[in-house]
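Participant: If you scroll down you'll find the structure; I have some questions about it.
The values are calculated or read from the model by the stated rules, or taken from the named source; none is laboratory data. Keep in mind it's a predicted model, so treat the numbers as computed, not measured. Heads up, the Cβs are rebuilt from the backbone with ideal geometry, glycines too, and the neighbour counts pull from every protein chain shown.
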């Protein structure tokens with residue numbers, strides 16, 4: 001594709017991980033189209049999620065805190081496209097904005113930092129996380145564990161751990177790898193801790209009406225990642241899931257179909273409702289039905305988390 005007449009403006013958060021993902025997106029476009037370094041410029045947009053670090057996301061507006069300022073910049077023409085960690089993107093997006101592409105997915109697993117395993121943690125360990133999913137899974141694995149709030153970027157959370165605010169924390173393997181910290185922590189098998197929906201995926205959004213940008217971004221879309229992540233997000237639609245809700249889901253391609261697993265967990269880790277099935281690519285209706293089915297099987301107390 002011909003080089004744009006002016007630099008394309010890529011909107012991103014300003015954290016080290018967000019910037020690394022922005023540079024990955026630019027590199028993919030340059031490699032695909034042979035552009036020089038000046039073809040795309042990064043526009044840093046500070047988000048509410050970056051500014052407010054002392055409270056859980058669920059208390060202050062959920063995932064919209066990561067997206068609303070970038071959405072505004074897109075809608076007002078300040079940027080041409082935006083890059084996100086897909087697990088931070090709200091389940092229901094504005095009609096004017098479309099998820100146009102995803103880069104090849106990285107490691108979907110979580111890493112335990114601070115101990116060699118959950119069994120190696122001391123009695124009544126303290127684990128730092130801001131994720132309801134991770135907190136519930138920790139309580140399921142170690143019912144004696146206490147959970148404290150760890151918000152902030154990777155460096156901030158590792159600093160909290162270094163200061164002794166917790167015995168261990170959990171971080172996404174993909175984020176650590178993208179920051180050149182592959183040696184940090186111990187990977188936890190997905191069979192032990194099913195990851196968050198969309199974990200490890202980088203998504204790129206633009207305006208639904210911007211046909212030129214949609215066509216451009218389609219050239220760097222990884223269809224396997226896109227289809228699996230959209231299936232996971234469809235489970236969220238069926239659940240009506242929010243940041244309050246401990247939800248895990250993972251889709252993987254097996255022989256041309258998506259093997260989809262999902263579970264919802266009570267905050268104390270004592271109740272887990274899970275399901276798995278194989279669906280065709282793009283069969284979001286079955287994935288949504290899977291989410292609704294999890295709620296039907298759940299206890300009234302667990303179901304109530306999704307009705308708030």
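Matching residues to (1) under 20 Å from residue 268 (Cα atoms); (2) touching a residue at least 24 places away in the same chain (Cβ under 8 Å):
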| position | (1), (2) |
| --- | --- |
| 149 | yes, yes |
| 160 | no, yes |
| 180 | no, no |
| 187 | no, yes |
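Participant: Do you know which residues across segment 171-196 are in the same structural domain as residue 126 (by TED's automatic domain parsing) and under 24 Å from residue 12 (Cα atoms)?
Facilitator: The answer is 171, 172, 173, 174, 175, 176, 177, 178, 179, 180, 181, 182.
Participant: Considering only segment 280-287, I want to know if a residue exists there that is touching a strand residue (DSSP E or B) at 6+ places or on another chain (Cβ under 8 Å), modelled with pLDDT of 95 or more and closer than 23 Å to residue 142 by Cβ.
Facilitator: No, the conditions are met nowhere in segment 280-287.
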